[in-house]
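Single-structure report; data block below.
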Amino acid sequence: MRVAMTLVVRDEVDLVGEWLRYHLACGIDQVIVTDHRSVDGTSELLAEHAGDGRVRVIREEALEMRQAEWVTHMARLAATDHGADWVINSDADEFWWPRDGEVHELLGAVPGRYGVVRALWRQFVLRPERPEPFAERMTLRCRPVADFRSPYHAQVKIAHRALPDVVVSEGNHDAFGDGLALVREWLPFEVLHFPLRTEAQVGDKFLRRRAILGGEHIADAIRRLDSEGLSAYHDAVLFGDEEVARGLGDGTLVEDTRLREALAAIDDGASTLPAWTPTLADDVDLALDFQLALERDSWVNLDRRAAALERSIARLEGAATLVGAGS
Amino acid sequence: MTLLVRDERDILEEHLAFHLAAGVDEVIVTDHASTDGTEEVLARYERQGRVRVLRELDGPFRQREWVTHMARLAAAEHGADWVVNGDADEFWWPRGGSLQEVLAAVPRRYGIVQSLVRHFVPVADDGRPFQERMTYRLRPTAPVNDPASPWRPYRKVVHRASPDVVLVEGGHAVRSADLQPLRGWYPIECLHFPLRAPSQVERKGRAWGAAVEKFYASSEVPRSAGTAYHALQHDAAVRGEAESYYDALALGPDDVGEGVAAGLLEEDLRVRDALRELAGRGEGGTLPFPRPTTLETASFAIDAAVLGEADVIRTQRWLDDLERRVGRLERTAPVRIERRLRDLARKALRR
């Protein structure tokens, strides 16, 4: 079985090297990258891997970002040119962490009649700038936020079976095609997500996306950048030391050094990820983060409505019995 | 744990021994007029002190009322923190820790966790105990919503002990304003052995089926869709056709081979091995519950996905049914009177 990953990248030199090293150590067989007009050294970094048959780079010079189109194209290439069985569509700030198994083992366990599995964003918060790389200093995760305008909102990403005619949605949250039925309540991967890393990167990230119809968090960030300015926005989404102490105290922030340790092991020469077995506490922690994303599933709403109706029936029946007994 | 039993002699002892070794502190049992020796097993466990028995006379099967009563007793009189509402044919298997450990991991603000029911298929009755014979589990491939199928996927729930909890028929849901469900995580599997031998179908179908019929005859509660298969079992027993009913469902060795090859059945020796271990050990002790492997977890996730698909359809049907009931209730006179009284009271208060 072969697993491919697609990546759209633009000027993310602060983590694209880590991204490649990490996912190749995970056992990903083929990485297809669309490099969108990078000028910060990202392209050179990608070129260093040109000799590695596992990395294919497509240079894209279009002015505007056409993310869904490019990802769909790469996901199809994975099927037609690279013999992939599964495709993971990723961004450069996402590190796909396999839970309790190796990537091929996890995806190989999905029976043929299912074709999409979910992964949950685990949100690492912005910390004050220091010289160390992001993974060294960003080791705190927050609970996802329901409000879509927050950069730390709850979200699922997907991995899907490779199909020559697959369509991947904007933001890589859905994939459409024959047989792509969803395994809804299983999270074989966590996506360790580092969306905001430095003030300069925050500015670039959102200004670059001004022209696209992004999610609500992008629109909201752009509006605030325009009205408040970059440093005010940066300070608003930053977790300072006081906030961190409070968050660790009340459990709204969690220390998570998995990526840092994995990267250290890889840099020490490990060719695979260090073994990691989740505990019951890890499972519960993940389930908690999953609640908000599940809320958006239609049946949860149906179930809620049914529960409310049952309560009102109980009340109505109780009233009928009371009045009946009294008369 | 609460347990509502009727004529369960072939499985009750195993059930109690298993759960008392899996982390259950106390079992509250309602015995609904058993006559097959179930009474003696219960009396023996009652004397040992970890089982409390409530006895109901032969009459309508008032499941919701009895289970709700037991669940409330667990909170009010037994100091329970969590309650599992079980049936005798269910083995609640915690994933990666004892029942106490997995439930202790649930954060305070959540009060309900879901359990996925996994069905074991019947095989010919060669006289050995059920757990030695029934070692194949159904792997659902598509959502079965046929109410007459014993193999419909469904979930049950485990909830925090609460003195005012209300159980829904069959223990599939809990109604309580202050218990929030933790979704998307199934720390406990419910391993289900519903059909075990023709004699069990005969015994259970007859007495219990008759009590169920009595209940619906004497109650306003509409028959829930899930009972169609119980009705078939009852009919078969009454007509003296329990044997052929069972034989039609039981799998022979060839069927099992084909089922495994087609991916519809999976060998599952967990209950057998746990019961062997307990039998070899005598009294007391606890069972180990290792963390499931990746493959086991994936297989479990697929069962959950099938259930999820079934859920959507079933919840839609359930909503239709509830809407009709609310509509009917709202049209009845007492409710109109009650509403008028409430309006009057509100006006009086405002003055």
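Laid out as a table, the results:
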quantity: Filtered residues of segment A:28-41 (kept if more than 15 Å from A:Asp91 (Cα to Cα) and modelled with pLDDT under 95); calculated: A:Arg37, A:Val39, A:Asp40, A:Gly41
quantity: Qualifying helices (runs of 4 or more DSSP H) (wholly inside segment A:219-306; at least 3 residues being touching a residue at least 24 places away in the same chain (Cβ under 8 Å), within 14 Å of chain B (Cβ to nearest Cβ) and surrounded by 12 or more Cβ atoms within 10 Å (Cβ to Cβ)); calculated: A:280-295
quantity: Any chance A:Gly203 is under 20 Å from A:Pro151 (Cβ atoms), in contact (Cβ under 8 Å) with a residue 24 or more places away in the chain and surrounded by fewer than 16 Cβ atoms within 10 Å (Cβ to Cβ); calculated: no
quantity: Residue that is farthest from the other protein chains (Cβ to nearest Cβ) [pool: residues in segment B:173-210 that are in contact with a His (Cβ under 8 Å, 6 or more places away or on another chain) and at pLDDT below 90]; calculated: B:Arg206
quantity: Residue check, A:Glu105 among the acidic types (Asp, Glu) and closer than 30 Å to A:Ala236 by Cα; calculated: no
quantity: Criterion (in a loop (DSSP other than H, G, I, E, B), of a type outside the set (D, E, K, R), within 18 Å of B:Gly23 (Cα to Cα) and within 11 Å of another protein chain (Cβ to nearest Cβ)) met by exactly one of B:Gly79, B:Gly96; calculated: B:Gly96
quantity: Test: B:Asp31 is modelled with pLDDT under 95 and charged (D, E, K, R); calculated: no
quantity: Answer residue from segment B:263-312, given it is of a type in the set (Asp, Glu) and not in a strand (DSSP E or B) and is farthest from the other protein chains (Cβ to nearest Cβ) among those; calculated: B:Glu283
quantity: Candidates A:Glu105, A:Glu94 - the one that is more than 29 Å from B:Ala142 (Cβ to Cβ) and under 21 Å from the mean Cα position of the chain (by Cα); calculated: A:Glu94
quantity: Test: residue in segment B:328-342 that is closer than 21 Å to B:His119 by Cβ and either away from chain A (no Cβ under 14 Å) or surrounded by fewer than 17 Cβ atoms within 10 Å (Cβ to Cβ) (or both); calculated: no
quantity: Residue among A:Arg209, A:Arg197 that is crowded, with 19+ Cβ neighbours inside 10 Å and modelled with pLDDT of 85 or more; calculated: A:Arg197
quantity: Answer from B:Val83, B:Val67 - the residue that is buried (at least 16 other Cβ atoms within 10 Å of the Cβ) and at pLDDT 95 or above; calculated: B:Val83
quantity: Candidate set from segment B:285-315 (those that are touching a residue at least 60 places away in the same chain (Cβ under 8 Å) and exposed (fewer than 15 other Cβ atoms within 10 Å of the Cβ)); member that is nearest to A:Ala306 (Cα to Cα); calculated: B:Ile313
quantity: Number of positions in segment B:130-161 that are touching a Leu at 6+ places or on another chain (Cβ under 8 Å) and part of a loop (DSSP other than H, G, I, E, B); calculated: 10
quantity: Options A:Val168, A:Val183; residue that is touching a Ser or Thr at 6+ places or on another chain (Cβ under 6 Å), crowded, with 20+ Cβ neighbours inside 10 Å and at negative phi; calculated: A:Val168
quantity: The lone exception for B:Val53 - which of (1) buried (at least 18 other Cβ atoms within 10 Å of the Cβ); (2) in a strand (DSSP E or B) it fails; calculated: (1)
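The values are calculated or read from the model by the stated rules, or taken from the named source; none is laboratory data. It should be emphasised that the depicted structure is a prediction, and the values quoted were computed from it without experimental measurement. Note: ideal-geometry Cβ built from the backbone for every residue, glycine included; neighbour counts use all protein chains shown.
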